[in-house]
């Protein structure tokens, strides 16, 4: 017993010394000098936008959240679809391989220990059309979070162990997907609504890509700070966060931008007629049904909020009509989907509900009847006013949430919309006329072209 106690003490001392070195490496200052080149305030939403000397744009949104957290998302347009087919899988996971490999002077385990000690969450994603780095931490550890991002972008270490871990994880995830009914249904849903398009199927599997190639693709994807917009939201003071931004983000060395982001686009053709497809997965008490229409995509921020409002108008009508007729709303949920986010083509309007197999057809028919009525100016002023009040309450609620602001600000940068349009667009929707809503309902989706996907 005594021997075990001594061993524990020795290990703890060793860990403390090792960790102190790790902390010094990660949060140490950079030899490169950086600065804030310009600054502007978007007063309507209390966002301060900075342009750094290395070309990166930073949006600072202080909040009064009780979470005492700081959230950051760095986003850039251009994703793995920009790469040749045989490199797409490696481009998709290159950032994750870097994260699993640790840093040049810090091992993966030491990095994990550092993140755990300071409650830092950190992730990297490369999607079809954008790249992002996301992180969160208690607001008193803002420097540690920003320092981690700085080190990740300037001193990544690519090693075979990290590469092998990602390969194994993707293999395990693939096996898991085949056992998860919700994930299977999502893939089924996507396949039906894209006419089984293979455009998003990468060529050579990750296991066939070498470490050197993955490193090169990471450098192409994450080594040019001017391609990224950083959104920082949380309970912080602007004057206290700016020096940290200068120290850790402005000092990421500016390099020649990659020439691969050429605005590649793919097509996901929606079925041209009414299509109904069903699948079975497990033994569900109720079936899951999704009724989906191709929708007119928004062209600006005002159109985005109008689409959001139309979804709420439809959901409110369906909940009330279903409950009145069947004494159940069947958990109906209405929303829009951008499957190639941040690209708006295509846009899908999807209505999801749950029902027993015996109730599916009559519920579907009732929904279609109500949609037909809405398309023929059946909405009344009272319904619209109630929906607008509900939308206003929801907006007030979400505006208190840090994650709402991170997501919306990141989207504005991805969509290349001016932040000045944020509040005016939201306000214009709040004052929308019933004539405008009826006009939108009449044309935003076709009632004779839709899919029904069902999971039993």
message: Need a quick list: helices (runs of 4 or more DSSP H) entirely within segment 348-427 having at least 2 residues that are over 30 Å from residue 235 (Cβ atoms) and touching a residue at least 40 places away in the same chain (Cβ under 8 Å).
response: 360-375, 381-398
- request: Hey, could you check segment 98-112 for residues that are surrounded by fewer than 17 Cβ atoms within 10 Å (Cβ to Cβ) and not in a loop (DSSP other than H, G, I, E, B) and say which is nearest to the chain's Cα centre (by Cα)?
  value: 112
query: Is at least one residue of segment 361-382 at pLDDT 90 or above, under 21 Å from residue 190 (Cβ atoms) and not assigned by TED's automatic domain parsing to the domain that holds residue 190?
result: yes
message: Looking at 155, 139 in this structure, which one is assigned by TED's automatic domain parsing to the domain that holds residue 108, in contact with a strand residue (DSSP E or B) (Cβ under 6 Å, 6 or more places away or on another chain) and surrounded by 18 or more Cβ atoms within 10 Å (Cβ to Cβ)?
response: 139
field: Condition check for residue 377: in contact with a strand residue (DSSP E or B) (Cβ under 8 Å, 6 or more places away or on another chain) and farther than 25 Å from residue 177 by Cα
entry: no
- line: Apart from one, (1) in contact (Cβ under 8 Å) with a residue 60 or more places away in the chain; (2) over 30 Å from residue 409 (Cα atoms) all hold for residue 193; the odd one out is (2)
query: For segment 70-95, which residues satisfy the criterion of being part of a strand (DSSP E or B) and either surrounded by 22 or more Cβ atoms within 10 Å (Cβ to Cβ) or out of contact with any strand residue (DSSP E or B) (no Cβ under 7 Å at 6 or more places or on another chain) (or both)?
result: 70, 71, 72, 73, 74, 75, 76
query: Does at least one position in segment 354-369 carry a residue that is under 21 Å from the mean Cα position of the chain (by Cα) and surrounded by 18 or more Cβ atoms within 10 Å (Cβ to Cβ)?
result: no
task: Please find, within segment 216-244, the residue that is nearest to the chain's Cα centre (by Cα) out of those that are part of a loop (DSSP other than H, G, I, E, B) and within 30 Å of residue 82 (Cα to Cα).
output: 228
task: For segment 191-202, indicate whether the set of residues that are in contact with a helix residue (DSSP H, G or I) (Cβ under 7 Å, 6 or more places away or on another chain), at negative phi and assigned by TED's automatic domain parsing to the domain that holds residue 76 is non-empty.
output: yes
query: Which is in a loop (DSSP other than H, G, I, E, B) and outside the structural domain of residue 198 (by TED's automatic domain parsing), of 304, 270?
result: 270
task: Being at pLDDT below 95 and in contact with a helix residue (DSSP H, G or I) (Cβ under 7 Å, 6 or more places away or on another chain) narrows it down to one of 49, 23, so name that one.
output: 23
- prompt: Failed condition for residue 236, given (1) surrounded by fewer than 20 Cβ atoms within 10 Å (Cβ to Cβ); (2) touching a strand residue (DSSP E or B) at 6+ places or on another chain (Cβ under 7 Å), with all others met?
  reply: (1)
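The values are calculated or read from the model by the stated rules, or taken from the named source; none is laboratory data. Worth saying up front: this structure is predicted, and the values here are computed from it rather than measured. For neighbour counting, all protein chains shown are included, and Cβ atoms are generated from backbone atoms with ideal geometry for every residue, glycine included.
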